[in-house]
Amino acid sequence: MIKWSDKKIKEFRVTLLNWYDANCRDLPWRQDHEPYHIWVSEIMLQQTQVATVIPYYQRFMKQFPTIEALAQAPEDQLLKAWEGLGYYSRVRNMQRAAQQLLADYDGQWPQTKAELQELVGIGPYTAGAIASIAFNQPEPAVDGNAFRVFSQLLEIEADITKPQTRGIFEEAIRRIIPADRPGDFNQAIMDLGASFMTAKNPDNVHSPVREFNQAYIDGRVAEFPVRSKRLKPVDKHYFALVLQTPKGYLFQQRASNELLAKLWLFPLIDTDQLKVENPDLTDDMVIEAAENKFLADTEIKADLQFVDAPIVNHTFTHQKWHVTLVSAELQNQPDLSHFAGQVVPVEKLATMAWPTLQKKLWTAYEKRQIKLF
DNA sequence: GAAGCGTGGAC
DNA sequence: TGTCCAAGCTT
């Protein structure tokens, strides 16, 4: 498959690793090869930029310095430490894997890629990264950087969004990766992909591996990697009800099978669904219908004076939410025995793990215009 | 195998 | 504002 001669492969390794030795990034998780450190960093780095991860990693390591600390941590503390990173199942899975490591492996890490992949949250990329960086195994670690770099070096035209394409890249990399420094090799590819061979505005003129970059030589860099287009996010519409009571704010927990699973948000009403259930509903009646539905569902007996309706937009990977925020202050504590949620005192708000949407809702709430008349 | 899952940076 | 992408994994 790969056309490179043995001589060219050797020259590439030397060129890449010499460059890496002189120019590798000084990152907090590169201070040692502790599998726990490599693991936590790799999980955080999934679909997340290095600059974003650094402060999270440093705080996380202070708070949960060992596998044991991670395994024993209360989930709300873990989620608070993960707040704002997104893909919250990552930290839940990581804790499960930590417990798995202690229970099934007596805290001793398995060192092969296949065994590592058995742990929840560790897929082919992360298993390859841990195996090569922490355990010196000659395993490929194919992330977005590796897809981009090798697709250009070797002009691989397979669509990288297809699951089966990974194997093509892994096979090629297995012939190139050096047995003596596999971890450095994989990390060098990632540093290359983050510096010269970037997705946007690459600088191949100064790239240390420009002579090996067939796509660059052929003037075809922009053609690689081949990737099918992603779908546009679907629009969704909600009302968020901010209810302040003497004992605190009302929150509802997201279901475990939906977006932002098990996180706590202001109560939301799906107004798209409301319109499906009641096709005659006009736009200016939706707000009242939403409020009435909420009061009916919760059996809260109160004369709510909702004010304002700022709209908070938030885009997830597959959905674009348009959330109209309405708020009311209840002077007397209502009967909440039929309310499926919790009342959070003001002083406890800061201990909750708020996804970015909830932060935006809170900001909009604080900025709301108080109508005096 | 396709779809679902968060967020922020860069342009 | 829109679009693409970033050290992907699970179902």
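The values are calculated or read from the model by the stated rules, or taken from the named source; none is laboratory data. Quick caveat, the model's predicted, so the values are computed rather than measured. Because the Cβ atoms are built from the backbone with ideal geometry, glycine has one as well, and the counts that use them run over all protein chains shown. Surface accessibility is based on the protein's heavy atoms, side chains included, excluding ligands, DNA and RNA. Shrake-Rupley method; radii C 1.70, N 1.55, O 1.52, S 1.80 Å.
Tell me which of these A:LEU119 doesn't satisfy, since it passes every other one: (1) more than 16 Å from DNA strand B (Cβ to nearest atom); (2) among the hydrophobic types (A, V, I, L, M, F, W, C); (3) not in a loop (DSSP other than H, G, I, E, B). Of everything listed in (1) more than 16 Å from DNA strand B (Cβ to nearest atom); (2) among the hydrophobic types (A, V, I, L, M, F, W, C); (3) not in a loop (DSSP other than H, G, I, E, B), A:LEU119 misses just condition (3).
Only one of the listed residues (A:LEU250, A:LEU231) is surrounded by fewer than 19 Cβ atoms within 10 Å (Cβ to Cβ) and under 27 Å from A:LEU85 (Cβ atoms). That residue is A:LEU231.
Scan the range A:319-373 for residues that are under 23 Å from A:VAL91 (Cα atoms) and of a type in the set (Phe, Trp, Tyr) and the total you get is 1. For the range A:161-173, a tally of residues being among the hydroxyl-bearing types (Ser, Thr, Tyr) and either part of a loop (DSSP other than H, G, I, E, B) or within 13 Å of A:ARG25 (Cα to Cα) (or both) returns 1. Does A:VAL286 satisfy the condition of being outside the structural domain of A:LEU78 (by TED's automatic domain parsing) and touching a residue at least 60 places away in the same chain (Cβ under 8 Å)? It is false that A:VAL286 is outside the structural domain of A:LEU78 (by TED's automatic domain parsing) and touching a residue at least 60 places away in the same chain (Cβ under 8 Å). Of all residues in the range A:86-137, exactly one satisfies the criterion of being under 15 Å from the mean Cα position of the chain (by Cα) and under 16 Å from A:HIS33 (Cα atoms), namely A:THR126.
Among the residues of the range A:326-337, not a single one is modelled with pLDDT of 90 or more, under 30 Å from A:GLN47 (Cα atoms) and outside any helix (DSSP H, G or I). Among all positions in the range A:212-219, there is no residue which is assigned by TED's automatic domain parsing to the domain that holds A:GLN46 and within 27 Å of the chain's Cα centre (by Cα). Looking only at the range A:258-268, decide whether some residue is farther than 26 Å from A:ASP76 by Cα and away from DNA strand C (no atom under 16 Å from the Cβ). Checking the range A:258-268: not a single residue is farther than 26 Å from A:ASP76 by Cα and away from DNA strand C (no atom under 16 Å from the Cβ). Among the numbered conditions (1) open to solvent by 20 Å² or more (accessible area, probe 1.4 Å); (2) assigned by TED's automatic domain parsing to the domain that holds A:ILE156; (3) in contact with an Asp or Glu (Cβ under 9 Å, 6 or more places away or on another chain), the only one that A:GLN244 does not meet is (2). Any residue in the range A:304-327 that is more than 34 Å from the chain's Cα centre (by Cα), over 16 Å from A:LEU357 (Cα atoms), surrounded by fewer than 15 Cβ atoms within 10 Å (Cβ to Cβ) and away from DNA strand B (no atom under 16 Å from the Cβ)? Checked against the condition, which is being more than 34 Å from the chain's Cα centre (by Cα), over 16 Å from A:LEU357 (Cα atoms), surrounded by fewer than 15 Cβ atoms within 10 Å (Cβ to Cβ) and away from DNA strand B (no atom under 16 Å from the Cβ), the range A:304-327 yields at least one hit. Filtered by the rule that a residue be closer than 18 Å to A:GLN117 by Cβ and of a type outside the set (Gly, Ala, Ser), the range A:68-91 gives a lone residue, A:ARG90. You will find that of A:ARG90, A:ARG96, A:ARG13, the residue that is over 28 Å from A:ARG175 (Cα atoms), open to solvent by 30 Å² or more (accessible area, probe 1.4 Å) and in a helix (DSSP H, G or I) is A:ARG96 and no other. Residues that are surrounded by 13 or more Cβ atoms within 10 Å (Cβ to Cβ) and over 20 Å from A:GLU42 (Cβ atoms) were ranked within the range A:175-207; the one that is farthest from DNA strand B (Cβ to nearest atom) is A:PRO178.
Tell me yes or no: at least one residue of the range A:88-106 is within 16 Å of A:TRP29 (Cβ to Cβ) and out of contact with any Phe, Trp or Tyr (no Cβ under 7 Å at 6 or more places or on another chain). Among the residues of the range A:88-106, at least one is within 16 Å of A:TRP29 (Cβ to Cβ) and out of contact with any Phe, Trp or Tyr (no Cβ under 7 Å at 6 or more places or on another chain), which makes the answer yes. All but one of (1) modelled with pLDDT under 95; (2) within 10 Å of DNA strand C (Cβ to nearest atom) hold for A:ASN93, so report the exception by its number. Among (1) modelled with pLDDT under 95; (2) within 10 Å of DNA strand C (Cβ to nearest atom), A:ASN93 violates only (1).
In this structure, does A:GLY144 turn out to be on the phi > 0 side of the Ramachandran plot, among the small types (Gly, Ala, Ser), surrounded by fewer than 22 Cβ atoms within 10 Å (Cβ to Cβ) and in contact (Cβ under 8 Å) with a residue 12 or more places away in the chain?
Answer is no for this residue.
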